[in-house]
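The values are calculated or read from the model by the stated rules, or taken from the named source; none is laboratory data. All values derive from a computational prediction rather than experimental measurement. Cβ coordinates were reconstructed from backbone atoms using ideal geometry, including for glycine residues, and neighbour counts include every protein chain displayed. Remember, those area values only see protein heavy atoms, side chains included, never the ligands or the DNA or RNA. Shrake-Rupley method; radii C 1.70, N 1.55, O 1.52, S 1.80 Å.
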Amino acid sequence: MTELNINGKVARAEVEGDTPLLWVIRDHLGLTGTKYGCGVVQCGACTVHVDGAAIRSCSVPVSAIPPTARIVTIEGLGATRLKVVQQAWAELDVAQCGYCQPGMMMAASALLAQNASPSESDIRDGISNICRCGTYPRVLAAVQLAATRLAANAA
Ligand code: FES
Ligand code: FES
């Protein structure tokens, strides 16, 4: 039995230790906002936070996550101060097909937690997620808007 702290709650799943975290989140816990894209740490569709850091959950065995680690998925992001990321995404109508967007928002929110005022190159370097719809310019604008809102909220 694996125990995880996910979105502020304790969750348990009967899985083998080498099961990727992504499949525990999606198939066992029913949190399907986190997506499967490539399965090989390339696209970022599976991005979640573990203790505030963005990780690609497709390639992390669940046994590598201690029960005390705080996991946040896109479903839990709205309960954090970084819900401004989702608000900026909605305001700028960033998503096209939407498939990559939960991972994009998780990567963006982790970046903003580490760097409250990222430059354009910080954002380009910090978010390496792939979007086949090409939403990159709107992603950039939304991260900049979210950073502005976070700075105003902190003032
Ligand atoms: S599905 Fe994990 S990086 Fe692509
Ligand atoms: S919005 Fe379609 S893949 Fe990114």
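Within segment 1-43, how many residues are under 15 Å from the mean Cα position of the chain (by Cα), outside any loop (DSSP other than H, G, I, E, B) and closer than 15 Å to Arg70 by Cβ?
Looking only at that region, the number is 3.
Taking the condition in contact with an Asp or Glu (Cβ under 9 Å, 6 or more places away or on another chain) and either surrounded by 13 or more Cβ atoms within 10 Å (Cβ to Cβ) or not in a loop (DSSP other than H, G, I, E, B) (or both), does Ile71 pass?
Details: in contact with an Asp or Glu (Cβ under 9 Å, 6 or more places away or on another chain): yes; either surrounded by 13 or more Cβ atoms within 10 Å (Cβ to Cβ) or not in a loop (DSSP other than H, G, I, E, B) (or both): yes.
So Ile71 fits the description; yes.
Under 6 Å between Cβ atoms, which residue pairs at least 6 apart in sequence (or on different chains) link something in segment 126-138 that is farther than 17 Å from Arg56 by Cβ and in contact (Cβ under 8 Å) with a residue 40 or more places away in the chain with a partner that is among the aliphatic types (A, V, I, L, M) and away from ligand 1 (no atom under 12 Å from the Cβ)?
As it stands, the answer is Thr135/Val94; Arg138/Leu92; Arg138/Val94, since those pairs meet every condition given.
For Gly76, indicate whether it is touching a residue at least 24 places away in the same chain (Cβ under 8 Å) and surrounded by fewer than 21 Cβ atoms within 10 Å (Cβ to Cβ). Show your work before the answer.
Details: touching a residue at least 24 places away in the same chain (Cβ under 8 Å): yes; surrounded by fewer than 21 Cβ atoms within 10 Å (Cβ to Cβ): yes.
Criteria met by Gly76.
Out of Gly39, Gly17, Gly33, report the one residue that is touching a residue at least 24 places away in the same chain (Cβ under 8 Å) and within 16 Å of ligand 1 (Cβ to nearest atom).
Values: Gly39 fails: touching a residue at least 24 places away in the same chain (Cβ under 8 Å); Gly17 fails: within 16 Å of ligand 1 (Cβ to nearest atom).
It is Gly33.
What number of residues in segment 21-44 are open to solvent by 40 Å² or more (accessible area, probe 1.4 Å) and either closer than 19 Å to Thr80 by Cβ or not aromatic (Phe, Trp, Tyr) (or both)? Steps first, answer last, please.
As a first pass, look at segment 21-44 and keep what is open to solvent by 40 Å² or more (accessible area, probe 1.4 Å): 23, 26-30, 32, 35-38, 40-42.
So of that shortlist, the ones also either closer than 19 Å to Thr80 by Cβ or not aromatic (Phe, Trp, Tyr) (or both) come out as 26-30, 32, 35, 37-38, 40-42.
The number of residues fulfilling the criteria is 12.
For the condition open to solvent by 20 Å² or more (accessible area, probe 1.4 Å), over 14 Å from His49 (Cα atoms), modelled with pLDDT under 95 and in a helix (DSSP H, G or I), what is the one hit in Ala116, Ala151, Ala141?
On the way: Ala116 fails: in a helix (DSSP H, G or I); Ala141 fails: modelled with pLDDT under 95.
So the residue among Ala116, Ala151, Ala141 that is open to solvent by 20 Å² or more (accessible area, probe 1.4 Å), over 14 Å from His49 (Cα atoms), modelled with pLDDT under 95 and in a helix (DSSP H, G or I) is Ala151.
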